[in-house]
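The structure appears right after this line, and notes come after that.
The values are calculated or read from the model by the stated rules, or taken from the named source; none is laboratory data. What you are looking at is a predicted structure, and each value in this text was computed from that prediction instead of being measured. Cβ atoms come from the backbone with ideal geometry, glycine included; neighbour counts cover every protein chain shown. Each accessible area value is taken on the protein alone, full model and side chains, heavy atoms only, with ligands, DNA and RNA left out. Shrake-Rupley method; radii C 1.70, N 1.55, O 1.52, S 1.80 Å.
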Amino acid sequence: MQARLREVRVWEPEVRWERRADGTLLVWQAQPLAPYPARLSDRIAHWAAVAPDRTWMAERDGTGDWRRVGYAELAGLLPRVGMALLRLGLSVERPLLILSGNSLEHAVAALSAQHVGVPSAAVAPAYASTGGDYAKLREIVAQTTPGAVFVRETGPYAAALAAVLPEVPVIAVQGSLPDRAVLRWQDLTATEPGPEAAAAHAATGPDTIAKFMFTSGTTGSPKAVIQTQGMLCANQAQVLDCYRFLADEPPVFVDWAPWNHTASGSKVFNMALYNGGTYYIDGGKPSAAGMAETIRNLREIGPTWYFNVPVGFELLVEAMDRDDALTRNFFGRLRMLMYAGAGLGQHTWGRLNELSVRAVGARTLLGTGLGSTETSPFAAYCTEDVDRPGNIGIPSRGMVMKLVPVGDKLEVRFKGPNVTPGYWRNPKLSAEAFDEEGFYRMGDALRPADPENPARGFFFDGRTAENFKLHTGTWVAVGPLRAGLIDAMKGLIRDAVIAGENRDELGALLIPFRPGLERLVEGGASLDDETLYAHPAVRARLTELLTAHAAAASGSSTRIARAMILARPLSLDRGEVTDKGSVNQRAVLTRRPEAVEELYRDGPGVLRVTKEETT
């Protein structure tokens, strides 16, 4: 019998739907969306008055202590920094470009720009710090024509600034540049706000562009998604409607995810502001090296709502298995867990439930949803007490979900107040993103959990652009196949890239989860990657699990006959993975043709299904 679910106050939706003669399904909630403010700064002003000394955001300083900014201090900084940005001539046509990662100054700079009607655009730091020709950064600069660029420290970005932004004013907290003036952050915060700042703020409203957010650009040039004040406020009203417990006590977030991505940059960042919560900037990352900082922070700060990508949860589970104090602090006041970015394995789902029961005597609600940069991002969510991962739920209030038959799939589209009006300076791409009824085309496919009752939610059924045909003409649905393989490998891989287009059988490039593989070999932690991955015990176990997965396949489109560990890490700069950890299938296959060829040459690194066990 499953342990009870911890009490949590969430929505109680009344779902409606309509089926059209052509098979199209429309799904929505009957209740209207609650009113929301015209701009996020209204919520900042509210909390500055109601809870002036409450910590809005905290970041560790060089000594390891938390450096904090309260709501009243934030409200006082916005017109000062905003005034300085206006004096630099910034505007919608000349926005603020942010190259640095998450920091208190980054947050204040972005909000100050919003305060006076200047959009900001946060860019993946790797675009400006990994060398090369800075191709993606050049494309972003060409699209946005920034009027100034903010960096926390000049050093990591000096080469990119010289190569791509030689004439653009640079604002920095620390550092200098050779033969170039740098505007000091301290001077901006000391600027006396004049009437221009007040007038600019008064002119902002729901249609004012708050920021440009760039899609990952893994299949082409990054696209500048317009995000308005109204979109962001509507989305936060939708989030609060779903996570109603946010209104019961000031929420606490411990978050590492980069603000140049919508999951944290638009959702979690604004959840703290909108609900008067506290956001602790986690300097860690979901990697073997970066997880130590995350664990340090979670030992000290217990969140009330927590987000991570599946590999981050896998690493966290590994740590909590060895640390009861961490487990108790993490689950102590937690109301909800959310995963996104990739499919969560059943083994990780189960362990999180077990650890929650061990810590607090009950399971903690664990769920996911569906969204994109273009939907601000919260579009659908699942709060049902389900027994396995994958259900993305139902559309949020104020949204209509449209599912259109495309072949044997249902392509999902959305319409609502949180959907972007389009892409900056790209009317053609904007027009192509919407159908004839004004629904935004997500490019994802969904399948109903219960074909007779859409209120039971939907499962992600792959990105339509990832699917391909075998040599026989049989279509392969990559999304569900990949999720099933990850689950079948029982924590030994963190992701997989499915290959086989125009071939006779499917193969997979396995992205290893090293801690899991280390446990298969005595002394595995001391081995280098090449030795560990080639170890007979590792190969035998992976082959055993691959064979079991193939034995359960229903046909050639679901039977993976061969696999190979992808030892060389995925590249952010080459678009194979985002800095949030999401893997782009097409980009990996396109940029690593030699790996695909090796997979089908039966080289020494290839794992083959044991045929006699699958016949």
task = Name the one entry in 258, 250 that is touching a residue at least 24 places away in the same chain (Cβ under 8 Å), out of contact with any Asp or Glu (no Cβ under 8 Å at 6 or more places or on another chain) and either farther than 28 Å from residue 423 by Cβ or surrounded by fewer than 24 Cβ atoms within 10 Å (Cβ to Cβ) (or both).
result = 250
remark   = Within the range 189-220, the residues that are part of a helix (DSSP H, G or I) and either within 31 Å of the chain's Cα centre (by Cα) or surrounded by fewer than 17 Cβ atoms within 10 Å (Cβ to Cβ) (or both) are 189, 195, 196, 198, 199, 201, 202
ask   = Only one residue in 358, 388, 447, 351 is open to solvent by 20 Å² or more (accessible area, probe 1.4 Å) and in contact with an Asp or Glu (Cβ under 6 Å, 6 or more places away or on another chain), so which one is that?
value = 447
message = Looking at the range 467-479 only, could you name the residues that are open to solvent by 30 Å² or more (accessible area, probe 1.4 Å) and either under 22 Å from the mean Cα position of the chain (by Cα) or in contact (Cβ under 8 Å) with a residue 60 or more places away in the chain (or both)?
response = 472, 474, 475
message = Would you confirm whether or not the range 562-576 contains a residue that is part of a helix (DSSP H, G or I) and either of a type in the set (D, E, K, R) or free of Cβ contacts under 8 Å to residues at least 40 places away in the same chain (or both)?
response = no
remark   = Apart from one, (1) in contact (Cβ under 8 Å) with a residue 60 or more places away in the chain; (2) closer than 27 Å to residue 578 by Cβ all hold for residue 362; the odd one out is (2)
key: Subset of the range 3-31 (residues that are open to solvent by 100 Å² or more (accessible area, probe 1.4 Å) and either out of contact with any strand residue (DSSP E or B) (no Cβ under 7 Å at 6 or more places or on another chain) or not in a strand (DSSP E or B) (or both))   = 4, 7, 9, 12, 21, 22
key: Evaluation of residue 414 against (1) out of contact with any helix residue (DSSP H, G or I) (no Cβ under 8 Å at 6 or more places or on another chain); (2) under 16 Å from residue 18 (Cα atoms); (3) surrounded by 23 or more Cβ atoms within 10 Å (Cβ to Cβ) (one fails), failing number   = (1)
task = Filter the range 61-85 down to the residues that are under 30 Å from the mean Cα position of the chain (by Cα), open to solvent by 40 Å² or more (accessible area, probe 1.4 Å) and farther than 14 Å from residue 280 by Cβ, then identify the one that is modelled with the lowest pLDDT.
result = 62
ask   = Only one of 441, 447 is charged (D, E, K, R), assigned to a strand (DSSP E or B) and either touching a residue at least 60 places away in the same chain (Cβ under 8 Å) or within 30 Å of residue 550 (Cα to Cα) (or both); which?
value = 447
key: When residues of the range 99-155 are limited to those that are β-branched (Val, Ile, Thr) and not in a loop (DSSP other than H, G, I, E, B), the one nearest to residue 425 (Cα to Cα)   = 144
request  = Provide a single number: the residues in the range 480-515 that are of a type in the set (Gly, Ala, Ser), more than 17 Å from residue 552 (Cβ to Cβ) and either surrounded by fewer than 17 Cβ atoms within 10 Å (Cβ to Cβ) or touching a residue at least 40 places away in the same chain (Cβ under 8 Å) (or both).
outcome  = 3
message = Tally up the residues in the range 339-390 that are among the charged types (D, E, K, R), over 17 Å from the mean Cα position of the chain (by Cα) and not in a loop (DSSP other than H, G, I, E, B), please.
response = 4
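Table: residues versus (1) open to solvent by less than 20 Å² (accessible area, probe 1.4 Å); (2) at pLDDT below 95; (3) of a type in the set (Ser, Thr, Tyr); (4) in contact with a Ser or Thr (Cβ under 9 Å, 6 or more places away or on another chain).
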site: 284; (1), (2), (3), (4): yes, no, no, yes
site: 287; (1), (2), (3), (4): no, yes, yes, no
site: 293; (1), (2), (3), (4): no, no, no, no
site: 299; (1), (2), (3), (4): no, no, no, no
site: 307; (1), (2), (3), (4): yes, no, no, yes
site: 312; (1), (2), (3), (4): yes, yes, no, yes
site: 316; (1), (2), (3), (4): yes, no, no, yes
